[in-house]
1. Hey, can you tell me all the residues within the stretch 81-100 that are in contact with a strand residue (DSSP E or B) (Cβ under 7 Å, 6 or more places away or on another chain), in a helix (DSSP H, G or I) and either crowded, with 19+ Cβ neighbours inside 10 Å or modelled with pLDDT of 85 or more (or both)?
2. Here is a list of conditions, (1) buried (at least 19 other Cβ atoms within 10 Å of the Cβ); (2) touching a strand residue (DSSP E or B) at 6+ places or on another chain (Cβ under 7 Å); (3) at pLDDT below 85, and residue 263 meets all of them except one; can you say which number that is?
3. Return yes when residue 168 is within 18 Å of residue 102 (Cα to Cα), in contact (Cβ under 8 Å) with a residue 12 or more places away in the chain and either in contact with a strand residue (DSSP E or B) (Cβ under 8 Å, 6 or more places away or on another chain) or not in a loop (DSSP other than H, G, I, E, B) (or both) and no when it is not.
4. Looking only at the stretch 185-221, filter to residues that are at pLDDT below 90, in contact with a helix residue (DSSP H, G or I) (Cβ under 9 Å, 6 or more places away or on another chain) and not in a loop (DSSP other than H, G, I, E, B); which one of those is farthest from residue 69 (Cα to Cα)?
5. In contact with a helix residue (DSSP H, G or I) (Cβ under 8 Å, 6 or more places away or on another chain), surrounded by 14 or more Cβ atoms within 10 Å (Cβ to Cβ), closer than 17 Å to residue 161 by Cβ and modelled with pLDDT under 85: is that true of residue 16 in this structure?
6. Would you confirm whether or not the stretch 243-257 contains a residue that is modelled with pLDDT of 90 or more, under 30 Å from residue 152 (Cβ atoms) and surrounded by 15 or more Cβ atoms within 10 Å (Cβ to Cβ)?
7. Within the stretch 145-155, can one find any residue that is buried (at least 22 other Cβ atoms within 10 Å of the Cβ) and under 18 Å from the mean Cα position of the chain (by Cα)?
8. Considering each residue of the stretch 191-221, count those that are surrounded by fewer than 18 Cβ atoms within 10 Å (Cβ to Cβ) and under 11 Å from residue 159 (Cα atoms), and give that number.
């Protein structure tokens, strides 16, 4: 007979706290000029931040580092559209603790069920449980009110759960001492959140927010909602489904990711 108490504890740990270690040596509370590691490619950083398996990405130490590097890329792109904000990257603050918690919640929700299924399969292979027991546990787990109860969630749902926790923890902001004033600075985290999700989805298809007549108003509404409203996973997934058209295949090929000026680039906003 297996040790049921130990089994239950392991199950709860897997469901509740699946996450990867984050290198605190790279990120402490402070501005980008002091803490950003050497740049890596955007493609490697997006894959490291959003994908489940990041083995082989030796040039990106961990997800938090990828987040910081992408923030630097985002600020540089921002400056190209807003020359008056030259040097903005030096006024960006990262809250490491908030970032650590955000990434942990994202990994738990996006990939927790898959990891739990792999854990059960390992128990079956070792003889601790039999196949009918594994199947019954998997069936019952999928009936629980979890945010994501699939072992292979849609890309829009992965983007949505990432944005959900970034809205909750807000790990990035413009330093108040920079003197920058205006909604685009107060809502900087929301704009970066949207940019990350759009670019991640662009690996798998086309991304378009409205049309040329409505895009700016829609982005303003989204950045406001991401900053001040209590968003949920369903509304975020609906948002991303409305702007995303998938490729016929879902191979990880980045057709748009490094190309400034497409729909996934930063929109030029009025203040």
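The values are calculated or read from the model by the stated rules, or taken from the named source; none is laboratory data. Remember, predicted model here, so these are calculated numbers, not experimental data. Every residue, glycine among them, receives a Cβ derived from its backbone with ideal geometry; neighbour counts consider all protein chains shown.
1. Once the filter is applied, which keeps residues that are in contact with a strand residue (DSSP E or B) (Cβ under 7 Å, 6 or more places away or on another chain), in a helix (DSSP H, G or I) and either crowded, with 19+ Cβ neighbours inside 10 Å or modelled with pLDDT of 85 or more (or both), the stretch 81-100 yields only 91.
2. Here residue 263 meets the rest and fails (1).
3. yes
4. Here the residue is 186.
5. Judged against the criteria, residue 16 is not a match.
6. yes
7. no
8. Adding up the residues that qualify gives 0.
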